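Okay, here's the structure, questions in a sec.
Every number in this text was worked out from the coordinates using simple rules, so none of it is lab data. Predicted model only: the values in this text are computed from it and were never measured. For neighbour counting, all protein chains shown are included, and Cβ atoms are generated from backbone atoms with ideal geometry for every residue, glycine included.
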Amino acid sequence: MPYRAVVFLAILATLQPVIGTFSSGTRATAADLPAFPRVPPTEPAEAEKSFEVLHGFRMELIAAEPHVASPVDLAYDEDGRAYVVEMRDYPYPEEKNAEPTEFPGKVRMLVDTDGDGRLDRSTIFADSLAWPTSVACWKGGVFVAAAPDIWYFKDTDGDGRADIRRKVFTGFGRYNVQAIMNNLRWGLDNRLYGAAAGNGGTVRHAERPGDPPVSLARRDFVIDPVSERLEATSGGERFGNSFDDWGNRFVCNIRNPVQHVVLEQRYLARNPLLVVPRTIHDCAESGDQLRVFRLSPPEPWRLFRAQRWAVEGAALPRSELIGAGYWTSSSGVTIYRGGAYPPEFLGNAFIGEVAGNLVHRQVLTRDGVTFRSERADADTEFVRSRDNWFRPRAAWSGGGFIGLRRRGSLRPSRPS
């Protein structure tokens, strides 16, 4: 019987016009710049062939368009139904901190009707969302993060579409579309944790105006779903939210793939006079120190941008000045806690690197009160694709982790 515990989806990173300044000081316009060739997508039927996967794992297609489009998160309920968030508005942002005016985001419910391992029935569970990023199942429904709000949706009449639609919290920041709240994940304390990311916000309960607002500047948040109380907790990094078997929480930032939250806010609150400059520890090498071994060719726009920044003498990390080869784009970290993989994978950290079209693996070891982690696979990666449209995000999902792929969902499975 094959081992199965992981799902891969992906999200398109659409090319944005590059506007810069010539060495003469003249401002460049879009018409002055080279026309970058568009990178065509790989059709779902051919997607499996684009992957190289280590240790006997293989990729299996489980869903594709038109059943799903632009997915960014997925959660399974107790009946095996998959709830997928479609962030169809990325990367076209609203004005910074503006109230949303476009609502193309959706939550789809995908079901495998014949037991063949493929999700073959798709219904729109909820729609009219702006910047939706995450979903978590609760009491027959789902919480959905869609800045500036967190919603609760539930289907009570069995038609596959949510008839309960509650805005539970509001006030999350919308300054930067790449730094909005994300990764709703259950902790061992039966509370729902989320990454507030760089945008933070001042959050309040949407239906209880008497509740005090909560500031999330450089902090994450945790929700008690029974009392619907939200409180701030340590964090504030860009992305990710995962736990090990002992409740240790791990996050990631753009160039920081594995970070341990050493001190939670509830402990620091006991002594408000204590100055703690940092509550997060970098377990792994990061940025310019961590190589990536991609199979896909770097996009022409990315190479051009790196060359331009280098010529201009931009004060940026080396990883941004060479176009490819070093870690730049952490997009989720998962500590594997399932039982479907062989024992040597238990407790490993899996990280999506969207710019490199790959999934990276690290081995965590104890280091005093925190951890250190090292590359598990020398001079290669656990999963890598030749397809530039593969934009993986590692996040907990049942027995393993998920990633995000624009034109289909794929699952690595390991033969016994």
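Could you give the length gained by full extension between R291 and R278, i.e. 0.36 nm per residue of separation minus their alpha carbon distance, to one decimal place?
Roughly 2.1 nm would be gained on extension.
Provide the per-residue ³J(HN,Hα) series for the stretch 266-283, in order, calculated from phi with Karplus coefficients 6.51, -1.76, 1.60 and θ = phi - 60°, each as a whole number of Hz, with x at glycine and proline positions.
Per residue, the Karplus-derived 3J(HN,Hα) values read 5, 7, 5, 5, 5, 9, x, 8, 7, 8, 10, x, 7, 10, 10, 10, 6, 7 Hz.
Same structure again: Sequence-distant or interchain residues sharing an amide H contact under 5 Å with S134, placed H: which?
Long-range HN contacts for S134: A145.
Determine by what factor the alpha-carbon radius of gyration of the chain differs from 2.2 N^0.38 Å, reporting the quotient.
That works out to 0.96 for the chain.
Counting alpha carbon pairs within less than 8 Å and at least 6 residues apart, what relative contact order, in whole percent, applies to the chain?
That works out to 21 percent.
How large is Rg/Rh for the stretch 110-205, to two decimals, with Cα atoms and a Kirkwood Rh?
1.02
Over the stretch 321-369, what is the relative contact order in whole percent, taking alpha-carbon pairs under 8 Å and six or more residues apart?
31 percent
According to a simple spin-label model (label point 7 Å from Cα along Cα-to-Cβ), what is the distance in nm between R161 and E344?
The answer from the label model is 5.1 nm.
Using R₀ = 22 Å, calculate the FRET efficiency as 1/(1 + (r/R₀)^6) where r is the Cβ-Cβ separation of T101 and R191; round to 0.05.
0.10
Just want to confirm a number: the relative contact order over the stretch 112-187, from Cα pairs under 8 angstrom separated by 6+ residues, in percent.
About 25 percent, as a whole number.
In the stretch 294-317, whose amide N lies under 17 Å from the spot 7 Å out along Cα-to-Cβ of A35? List them in ranges.
Only 300-301 fall inside the zone, counting backbone N under 17 Å.
So what are the ³J(HN,Hα) numbers for the stretch 183-195, from phi and the Karplus equation (6.51, -1.76, 1.60; θ = phi - 60°), rounded to whole Hz, Gly and Pro as x?
6, 6, 9, 6, x, 5, 8, 6, 10, 9, 9, x, 8
Output ³J(HN,Hα) for the stretch 42-47: one whole-Hz value per residue in order, computed from phi by the Karplus curve 6.51 cos²θ - 1.76 cosθ + 1.60 with θ = phi - 60°, and x for Gly and Pro.
Coupling constants for the stretch 42-47: 8, 5, x, 5, 9, 4 Hz.
Cross-link candidates for K96: which lysines have Cα within less than 29 Å, leaving aside residues fewer than 8 places away along the same chain?
K106, K167
Name the residues whose placed amide hydrogens come within less than 5 Å of the amide hydrogen of R121, ignoring near sequence neighbours (fewer than 5 apart) on the same chain.
Residues meeting the criterion, in which the H sits 1.01 Å from N, are V111, T113.
Note down the Stokes-Einstein diffusion coefficient of the stretch 157-231 in µm²/s, whole number, using a Kirkwood radius over alpha carbon pairs, 25 °C, and 0.890 mPa s.
Answer from the Stokes-Einstein relation: 183 µm²/s.
Give me the distance in nm between label points sitting 7 Å out from Cα along the Cα-to-Cβ direction at A378 and R218, one decimal.
4.0 nm
Would you look at the GNM of the chain, springs on alpha carbons closer than 10 Å, and say which of P272, P66, P300 moves the most?
Its mean-square fluctuation being the largest, the pick is P272.
Say R0 is 25 Å: what FRET efficiency, to the nearest 0.05, do R386 and E65 get from their beta-carbon distance?
After rounding to 0.05, the efficiency reads 0.80.
For E231 and R337, FRET efficiency with R0 = 35 Å and r from the beta-carbon atoms, rounded to 0.05?
E between R337 and E231, to the nearest 0.05, is 0.90.
Ok, one more. Rounded to whole Å, give me the distance from the Cα center of the stretch 176-201 to that of the stretch 122-171.
Here the two parts' Cα centres lie 16 Å apart.
Per the helix-only calculation at 222 nm, which mean residue ellipticity applies to the chain, given -39500 (n - 2.57) for every DSSP H run of n ≥ 4 and division by its residues, nearest 500 deg cm²/dmol?
The helix contribution divided over the chain gives -1500 deg cm²/dmol.
Continuing with this model, one more query. For K154, go through the aspartates and glutamates and keep the ones whose alpha-carbon is under 19 Å away, minus same-chain ones fewer than eight residues off.
Once the sequence-local aspartates and glutamates are set aside, what remains near K154 is D73, D77, E78, D79, E86, D127, D163, E207, D224, E228.
Continuing with the same structure: Please state, rounded to one decimal and in Å, the Kirkwood hydrodynamic radius that the stretch 232-331 gives when every pair of distinct Cα atoms enters the mean of 1/r.
Hydrodynamic radius (Kirkwood, Cα pairs) of the stretch 232-331 is 15.6 Å.
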